[in-house]
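Worksheet for the structure shown next.
Nothing in this text is a laboratory measurement; each read-out follows from the coordinates by a stated rule. Every value quoted in this text rests on a predicted model; they were computed, and no experiment measured them. Backbone-built Cβ (ideal geometry, glycine too); neighbour counts: all protein chains shown.
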Amino acid sequence: MTNAGLQSVREALIHVGYRRERIASGVSGPGIIALREGFVAYADRPFDARTSAIVAVDMGELDERQLSTLRSTGAPIVAQCAATHVLFWRQSTEAPQFIARVDTPNVLSYFQKYRDELAPGSIYRAKLWGRTNRSRQLDM
């Protein structure tokens, strides 16, 4: 059963412009186990590392090393979800960087506040620009 944090993130993603059919469960990749309790939100097709935007996982006991394995999804943002709160992380080449802790009832308002940065087109453009222009980064 999906935890409340995962459900809140899914609803917030849809609210800021992700299409339901672009939120995929059961995704796997090199070095990671299939995301049975999580999902990847894609900005567009094809559904691969080029268009992945946000990965959401069950909180579990993930440590920094395990969070780093999610880098293979290509998603620059990780939402580590628990029933009561969500931890947001930015993937980097070294180690995941903590962004924010948001209580589950406030996840939608967090996405609304950072709509411009979290919208599918914004993350996709930042990924494209990031390949050529290192000065362009998400400012959440």
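Between the amide H of T51 and any residue lying 5 or more places away or on another chain, no distance stays under 5 Å, with hydrogens modeled in the peptide plane. Sorting 94-103, 76-85 by average packing, meaning the other beta carbons within 10 Å per residue, from highest down gives 76-85, 94-103. Spin-label model, Q7 to A95: label points 7 Å out along the Cα-to-beta-carbon direction sit 3.4 nm apart.
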